[in-house]
1. Between a residue in region 14-41 that is of a type outside the set (Phe, Trp, Tyr) and any residue that is not in a helix (DSSP H, G or I), which pairs come within a Cβ distance under 6 Å, given they are 6 or more apart or on different chains?
2. Show the residue pairs that are 6+ apart or on different chains and have beta-carbon atoms under 8 Å apart, the first residue being within region 292-320 and within 24 Å of residue 23 (Cα to Cα), the second being among the charged types (D, E, K, R).
3. Do you know which of the residues in region 170-183 that are without any contact (Cβ under 8 Å) to a residue 60 or more places away in the chain and under 20 Å from residue 81 (Cα atoms) is least open to solvent (accessible area, probe 1.4 Å)?
4. Collect the residues in region 382-393 that are open to solvent by 20 Å² or more (accessible area, probe 1.4 Å) and either in contact (Cβ under 8 Å) with a residue 40 or more places away in the chain or in contact with a Lys or Arg (Cβ under 6 Å, 6 or more places away or on another chain) (or both), keeping them in residue-number order.
5. Can you pull out the helices (runs of 4 or more DSSP H) entirely within region 192-310 that have at least 1 residues that are touching a Phe, Trp or Tyr at 6+ places or on another chain (Cβ under 7 Å), under 30 Å from residue 459 (Cβ atoms) and at pLDDT 75 or above?
6. Only one residue in 127, 123, 134 is in contact with a His (Cβ under 7 Å, 6 or more places away or on another chain) and either part of a helix (DSSP H, G or I) or not basic (Lys, Arg) (or both), so which one is that?
7. Condition (residue is closer than 16 Å to residue 212 by Cβ, modelled with pLDDT of 85 or more, of a type outside the set (Asp, Glu) and out of contact with any His (no Cβ under 9 Å at 6 or more places or on another chain)) applied to region 87-94: is it met by at least one residue?
8. Using the structure shown, decide if residue 155 is within 22 Å of residue 25 (Cβ to Cβ), open to solvent by 20 Å² or more (accessible area, probe 1.4 Å), in contact with a Phe, Trp or Tyr (Cβ under 6 Å, 6 or more places away or on another chain) and outside any loop (DSSP other than H, G, I, E, B).
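The values are calculated or read from the model by the stated rules, or taken from the named source; none is laboratory data. Keep in mind that what you see is a predicted model, and the values were worked out from it rather than measured. Note that each Cβ is placed from the backbone with ideal geometry, even for glycine, and that neighbours are counted across all protein chains shown. For accessibility, only protein heavy atoms count, side chains too; no ligands or nucleic acids. Shrake-Rupley method; radii C 1.70, N 1.55, O 1.52, S 1.80 Å.
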Amino acid sequence: MLKQKFVIDFVSKFAIQFITAASGIIVARVAGPEVVGTIAYATAYVSIFLFIIGLFGTAHIKLVSEGENEEDSLTTYSWLLGISVILFFIVVFGTFSVQKFVFEKAFNGIDAEYVILIILFSTIIATVLGFSQTVFVAKTEQAKANLPNLLRSIIENVLRVLVVSIGFGAIALASVKALSVLLVLPVIIYLFKGKKFGKFDIKIAKKYWHIALPLFAIVITNSLMMYSDKLILEYFGSTKEIGIYTAAFSIGGMLILLGNTAGSVFFPLFSNLVTNNKLDIIKDKVLHFERFLFLVIFPVIISLSLFSYPIMVSLLGIKYEESAPLFGLLVFSSFFAIWGMPYGNIISGLGLFWLSSLINFLKFLVFISTLLIFIHPDIFNLGAMALAITQLSINLFLFIAYYFISYRRIKIQYIKQQFLFLLYGFFVYLLGYYYVVPILDNLSVYLQTFIFLPLFFVVMFSLQSFFGLLRKSDLKLFLQLINIKSN
């Protein structure tokens, strides 16, 4: 059943990412880096305060998955989230008002000001979507958790393409998100028909706070790391550079969905298995995940990084050629994020939230120091590239920390088994970089992207079988993953 839930979640999120990436390519090509950068800047400005409304989701999943009264938990969670949303609005709107009317800050023109306010409104509405997803994930009801997001994504991205095709700019594009969420609300209400709300329980609320308090540091540092880099880039650079980075990250970030899928399925499962002291099952699930990661995802990562220039130019146009080296780094950053996700969920499943908070604080120190060193005009002055280097640094640090703690706590030790894959990937990358890419350099970027990129991946996958890295048992596992009827 776990495999089927994993596949449902992965397919749904892949569809969302694919639709978003496809529409994003059209929007980026038509609108240009300036408009893309304005939307990304405004989103970062609002979303940097998202930690205010992100405190209680993990606590709800953990409590319900461990058998807490679902009806009373649902009501308690609703009240806590509602209060958080009100506080979120006060903080964001208050910060914006003080900067505009007291300090008279210029927000890159009137468009940026309107976009910030529209995105604030859209974010508040979207909390309904996040609330429903958390509730369904807590009961591992993956189809219900994914359906509203999938529908919203389809509606939003169709509207984005229509808006930009007509010739509208950043303000209209920002309004699309709010409209798409409103259109999906009836579906969310329908899916909640079977859910019953109980009473607000102060004891359950205290449990939420007990779990959320150590998570506060994680949530706030995650918000800062996810969004402050774009605000800092705007300060030292421009919204155009934000657009260049956003373009690379939006396509490279598609790979993160596999890690997010692992997280949404593994966290409630691992929490339950730890409670019942079934650590061997956890090790088995992680081993299977890693085999899939190195046999399928790792060759994709190497192929995408090697062909980063033709990919970005063929998809987005020559004005985004500066995104190519950023994309090449970001796909490797995504790989470490995916690899570390199950180990992070082991720590959460063990209830080591204070330890997770410490790790996230150290991660934030790596983030801010790396970013400032590489972006500051008086040091390396790398602009948008500094953001890509920072992402790679923090994801590598997080993987090492999560793996080390998992090894110490439950004696999980699979990195030795994956060493041959890493060695194989290293030599293939060097051969590709020094021999294959230069040979293909004079060919059309479209030919490189749509013919030689898939061919290179097929060759990599075939060589795994030749060198004995791919086994018959792996093929059986892949067949089981795509067999929805199997249990």
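1. 29/317; 35/169
2. So the pair list comes out as 309/321; 312/321; 313/321; 316/29; 317/29.
3. So in region 170-183, the residues without any contact (Cβ under 8 Å) to a residue 60 or more places away in the chain come out as 172, 175-177, 179-183.
From the residues that got through so far, the ones that are under 20 Å from residue 81 (Cα atoms) too are 181-182.
Working: 181: 3, 182: 83 Å².
That would be 181.
4. Filtering region 382-393 for residues open to solvent by 20 Å² or more (accessible area, probe 1.4 Å) gives 382, 385, 389, 391-393.
Within region 382-393, 385, 389, 391, 392 meet the criteria.
5. Values: elements: 202-236, 239-252, 256-275, 279-292, 298-306.
Counting at least 1 such residues, we get 239-252, 279-292, 298-306.
6. Numbers: 127 fails: in contact with a His (Cβ under 7 Å, 6 or more places away or on another chain); 123 fails: in contact with a His (Cβ under 7 Å, 6 or more places away or on another chain).
Result of the check over 127, 123, 134: 134.
7. In the first step, residues of region 87-94 are kept if they are closer than 16 Å to residue 212 by Cβ; the result is 87-88.
Going one step further and asking which of them are modelled with pLDDT of 85 or more, we end up with 87-88.
Still in the list and also of a type outside the set (Asp, Glu): 87-88.
Among the residues that remain, those that are also out of contact with any His (no Cβ under 9 Å at 6 or more places or on another chain) are: 87-88.
Yes, because at least one residue in region 87-94 is closer than 16 Å to residue 212 by Cβ, modelled with pLDDT of 85 or more, of a type outside the set (Asp, Glu) and out of contact with any His (no Cβ under 9 Å at 6 or more places or on another chain).
8. Numbers: within 22 Å of residue 25 (Cβ to Cβ): yes; open to solvent by 20 Å² or more (accessible area, probe 1.4 Å): yes; in contact with a Phe, Trp or Tyr (Cβ under 6 Å, 6 or more places away or on another chain): no; outside any loop (DSSP other than H, G, I, E, B): yes.
Answer is no for this residue.
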